[in-house]
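These notes concern the structure reproduced below.
Derivation of every value follows stated rules applied to the coordinates shown; laboratory data play no part. Keep in mind it's a predicted model, so treat the numbers as computed, not measured. Counting neighbours? That spans all protein chains shown, and the Cβs are built from the backbone with ideal geometry, glycine included.
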Amino acid sequence: MQKYDVVIIGSGLGGLICGYILSKEGYNVCILEKNRQLGGCLQTFVRNDCIFDTGMHYVGSLGKGQILHRFFKYFDLIDKIKIKKLNEDAFDIISIAGTEYKFAQGYDNYVNTLLQSFPDEKEALIKYSNKLKEISNSLNIYNLREIKTHNVIDNEYVATGAFDFMKSITKNERLQNVFSGLNSLYAGKKYQTPLYCHAIINNSLIESSWRLVDGGAQIPDFLSESIIANGGTILKNCEVKKLIPGADNKSLKFAELSNSELIEGKNFISDIHPVKTLELLDTGLTRKSYRSRINSLENTIPFFSIYIVFKENTFEYLNYNIYHYNENNVWGTDTYLDSASYLKNKWPDGYMCYTPANSKSDKYADCMIAMTYIKYDELKKWENTTVEKRGDDYKEFKEYKAQQFISKLEKKFPGLRGKIKAYYTSTPLTYRDYTGTVEGAPYGILKDYSNALASYISQKTKVPNLVLTGQNIGLHGILGVTIGSLITCSEFLGLNYLIRKVNDAS
């Protein structure tokens with residue numbers, strides 16, 4: 001039996017980045033992935049010769065010298081991946097109750113563009129922009145500066161609500177809604193989402209916004225190639241059923257697979273949901289209070305997604321994303337969780353949609369991806385089923401929802417139905433089974449500024465040789481997971497050492 005320096009459970013972005021960093025530094029790593037495809041939320045699938053992303057839609061800060069560009073250069077990705085910059089003057093269009101607002105790249109452009117819709121709100125626009133930059137600049141690790149304190153982010157930004165801040169700088173409710181227009185990128189909740197979470201994601205996209213041409217699976221593909229070239233091992237279709245301690249009954253020694261095979265490791269990194277990680281551990285290895293806290297944390301609301309294949313050369317490519325809200329409320333999570341407001345004839349009351357960039361044509365889109373919130377309770381009756389084994393009533397449910405969704409999309413894109421060649425759908429159950437998330441929550445555990453300590457999960461655990469990574473540990477999104485993974489690997493290498501390594505590469 002081979003013994004590894006580090007065994008990584010899960011090949012999501014966090015697991016792959018940890019595998020890349022540690023294998024590059026000489027550690028003998030083994031990544032265990034339960035599915036046949038790597039990447040977690042970066043997985044793609046192909047239908048009718050169209051590539052569909054399951055979770056990665058677009059990324060920010062990939063311009064030369066910007067933070068994600070610097071990380072990707074260190075990961076040896078920047079010259080390999082195919083990217084396309086979104087429209088400078090409108091990378092996102094926020095559509096609220098029939099009126100459209102454009103988000104432009106670059107802060108001066110961003111402010112000046114929104115001034116056209118809000119000519120009396122210059123002061124608020126500048127305050128908002130300055131706050132996003134201030135928060136992002138305050139993070140040493142976000143800027144790859146040497147760390148001299150244990151605080152990754154200032155407590156002021158952790159304990160302040162995004163919505164509360166917006167109310168403090170303008171009384172204009174329309175502008176408050178526009179500022180919050182990208183809520184579905186992190187399933188924002190009006191009275192829970194912290195300001196830092198909103199700020200870092202929005203700042204990154206305002207700096208620069210990009211799509212990956214032909215899908216986000218390029219990232220796990222190239223990272224896995226590098227890991228293997230560094231001497232690492234990646235095992236697919238290997239589901240971990242249990243983490244077994246050694247003779248001391250404190251540290252872990254084996255990962256037991258579903259086929260009873262044992263993988264031995266000196267250290268372990270879990271890239272799966274913390275709740276799922278605890279299920280793998282003997283209860284005696286962690287405190288009861290820790291388990292109770294992790295198991296009680298609220299997850300973000302899940303999505304129903306539709307994947308549309310267009311008839312050839314019928315739908316022009318859109319080099320921007322659309323966030324559409326039927327009414328003057330962009331905090332859809334609050335509406336959806338209110339049973340009285342969740343009316344079937346109003347569903348969906350908002351959505352995000354885009355046409356993925358493909359290498360076949362710059363003029364025409366070959367497909368569209370659209371997603372909207374859905375209550376997990378609607379899927380409860382099929383909760384204990386697996387992919388392709390959910391029954392005809394599940395198929396009927398998905399078809400009913402798809403037709404409702406397409407009808408809403410057609411109001412935005414008249415004649416859409418006539419351009420559709422085929423369409424496919426996914427529910428939270430689909431997402432749950434392919435990515436291992438609890439109840440199919442795409443952004444994992446919900447951050448809550450009113451109870452920041454409770455919703456904070458450290459990379460370290462009470463098990464001496466087990467650390468955590470992934471989007472539940474820190475921030476959501478590619479940038480958030482990248483930063484979190486650096487912190488995870490710092491448990492082996494030191495954070496300032498890694499910061500120097502990334503800086504040297506860029």
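Quick one: S258, S455, fewest Cβ neighbours within 10 Å first, how do they rank?
Values: S258 12, S455 19.
By the 10 Å Cβ count, ascending, the order reads S258, S455.
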For S95, what is the net charge nearby, where nearby means another residue's Cβ is under 11 Å from its Cβ and Lys, Arg count +1, Asp, Glu -1?
+1
Residues with beta-carbon under 12 Å from that of L281, excluding L281: net charge, scoring Lys, Arg +1 and Asp, Glu -1?
+4
Mean shadow area (nm²) of the C-alpha convex hull around segment 115-207 is 6.3 nm²
By the 4.7 Å beta carbon criterion, which cysteine residues of the chain come out unpaired?
C18, C30, C41, C197, C238, C353, C489
According to a simple spin-label model (label point 7 Å from Cα along Cα-to-Cβ), what is the distance in nm between Y400 and N249?
5.3 nm
How big is the Rg/Rh ratio for the chain, C-alpha atoms only, Rh by Kirkwood, two decimals?
0.95
Return the percentage of antiparallel bridges among DSSP beta bridges fully within the chain, rounded to the nearest 5 %.
70 percent
Which is farthest toward the positive dipole end of segment 13-53 among L38, G26, F52, measuring Cα position about the Cα centre, with Cβ charges +1 (Lys, Arg) and -1 (Asp, Glu)?
L38
Given a Förster distance of 22 Å, the FRET efficiency implied by the Cβ-Cβ spacing of E123 and E173, rounded to the nearest 0.05, works out to 0.85
Sort I269, I51 so that the residue with the fewest other Cβ atoms within 10 Å of its own Cβ comes first and the one with the most comes last.
I51, I269
Going by average Cβ density within 10 Å per residue, which order do the peptides 365-373, 62-70, 218-226 take, highest to lowest?
365-373, 218-226, 62-70
Calculate the spin-label point distance for D504 paired with D79, positioning each point 7 Å from the Cα along the beta-carbon direction, and give it in nanometres.
1.8 nm
Counting Lys and Arg as +1 and Asp and Glu as -1, what is the net charge of the other residues whose Cβ lies under 15 Å from the Cβ of E439?
-1
In what sequence, highest mean first, do 181-188, 122-129 appear when ranked by Cβ atoms within 10 angstrom?
181-188, 122-129
What angle do you read, to the nearest 10 degrees and between 0 and 90, between the alpha-carbon axis of helix 122-138 and the longest principal axis of the chain?
10 degrees
Within the chain, helix-based [θ] at 222 nm, where runs of 4 or more DSSP H residues each add -39,500 (n - 2.57), nearest 500
-10000 deg cm²/dmol
Proximal lysines to K408, defined as alpha-carbon separation beneath 17 angstrom and excluding residues fewer than eight positions away on the same chain
K344, K346, K398, K419
Students often forget the sequence filter, so: which lysines lie under 20 Å Cα-Cα from K460 once same-chain residues fewer than 8 apart are removed?
K148, K242, K250, K253, K266, K276, K288, K447
Lysines within cross-link reach of K80: Cα-Cα under 22 Å, excluding same-chain residues under 8 positions apart?
K24, K64, K360, K501
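Where does each of 137-147, 412-422 land if you order them by average Cβ count within 10 Å, highest first?
137-147, 412-422
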Based only on other Cβ atoms within 10 Å, what is the fewest-to-most ordering of V481, V158?
V158, V481
Relative to the longest principal axis of the C-alpha atoms of the chain, give the angle of the C-alpha long axis of helix 477-493, reported between 0 and 90° and rounded to the nearest 10°.
20 degrees
Compute the long axis of helix 218-229 from its Cα atoms, compare it with the longest principal axis of the Cα atoms of the chain, and write down the angle in degrees, 0 to 90, nearest 10.
20 degrees
Output the relative contact order of segment 115-207, whole-number percent, from Cα pairs under 8 angstrom with separation of 6+ residues.
35 percent
Considering only I135, A187, S117, whose Cα is most displaced toward the positive end of the charge dipole of segment 115-207, charges sitting on Cβ of Lys, Arg (+1) and Asp, Glu (-1)?
A187
E134 versus K346, label points 7 Å from Cα toward the beta carbon: distance in nm?
3.6 nm
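Check each of the chymotrypsin sites (Phe, Trp or Tyr not before Pro) in segment 383-432 and keep only those in coil by DSSP with at most 16 other C-beta atoms within 10 angstrom; list them in order. If you can, show how the numbers build up before the last one.
Details: sites: Y394, F397, Y400, F405, Y423, Y424, Y431; in loops: none.
Those that pass, being in a loop and sparsely packed, number zero.
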